[in-house]
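No lab work stands behind these numbers, since they all come straight from the coordinates. On a predicted model such as this, the values are computed, not experimentally measured, just so you know. We place every Cβ from the backbone using ideal geometry, glycine too, and count neighbours over all the protein chains shown.
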Amino acid sequence: MNRCWVLKSHGKELYLQFVMEKPFVLLFTTKRVEDIHKTLDLLPYVELEQVHSSKIRKIDEPFPPKSLIGDGLLTSRPRIFLVIKVADCFPLYIVDPLNLAIGIFHVGWRGLRDGIIEAAVAAFREQFNSMPEKLIAVFGPGISPEYYEVGEEFKEYFHSGIIEKDSKYYLDIFGVAAGKLKKLGVNTIYPPPHDTYSNPEWFHSKRRDVELKGLNRAIIGIEKELSIHSLIQDSPYDI
């Protein structure tokens, strides 16, 4: 199977799906979907009160919204959908196809600095006996380094991923995260399909919009069984 991000439609509602082997479901919303959980029957779902940390929660039962604080979620339970909300930071989806386990992580500069990538791989190893070389890491849309200007002090936080141009500094969040994954033994890494900043018709961006009007939702789950919801046709639209 050719694993890749594709644009999908359900009526007039549009969203991104990372196509891969069943039973894993990886989704990312666009501005053209009103309530993806209702549209695709992605219930129950669990989301976090995100605080730009390296805190990760293992989910065995659905929790009410806002009952959990952290920036990463893990489960091996089918039909519990895990949600991360982003608006320039990257969602990192991780799948362990051998142990049928999944996770999703909120990756921004603070999380990178504080060890969210290292904590994610360690959590898979501790909770599911996962081997890093067997994990599949998938990045959803996030901000490209050319649009992510940072201060000179970021050179103290990161030994790589800082781009200097015209006396300004830019951070490559994906590049740093992918480098950390590779160092930890994760070999299968899929890059982000789109930049949030330069696609205002499709995605929310904190850097671009300053005052957010919404957040992009990144969702991962394990389908218990095939259903009509997994057979939605590709959309003719393109980004």
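Pairs of Lys residues in the stretch 50-166 are counted when their Cα atoms are under 26 angstrom apart and they lie 8 or more places apart or on different chains; the count is 9. In the stretch 24-106 the Cα-Cα distances spread across 10 Å bins starting at 0 as 17, 53, 29, 1 percent of all pairs. Between residue 45 and 81, the built amide H atoms are under 5 Å apart, and every one of these is 5 or more places off in sequence or on another chain.
The DSSP beta bridges internal to the stretch 4-228 are antiparallel in roughly 80% of cases. When the chain is treated as a GNM with alpha-carbon contacts under 10 Å, the residue of 42, 212, 14 showing the greatest mean-square fluctuation is 212.
Do any GluC sites (Glu not before Pro) in the stretch 1-64 lie in a DSSP loop with no more than 16 other beta carbon atoms within 10 Å, and if so, which? Within the stretch 1-64, the qualifying GluC sites (Glu not before Pro) (loop, at most 16 other Cβ atoms within 10 Å) are 21, 34.
Of the trypsin sites (Lys or Arg not before Pro) found in the stretch 138-214, the ones in coil according to DSSP and having at most 12 other Cβ atoms within 10 Å of their Cβ are 213.
Within the shell of other residues whose beta carbon sits under 12 angstrom from the beta carbon of residue 135, the net charge comes to +1, with Lys and Arg scored +1 and Asp and Glu -1.
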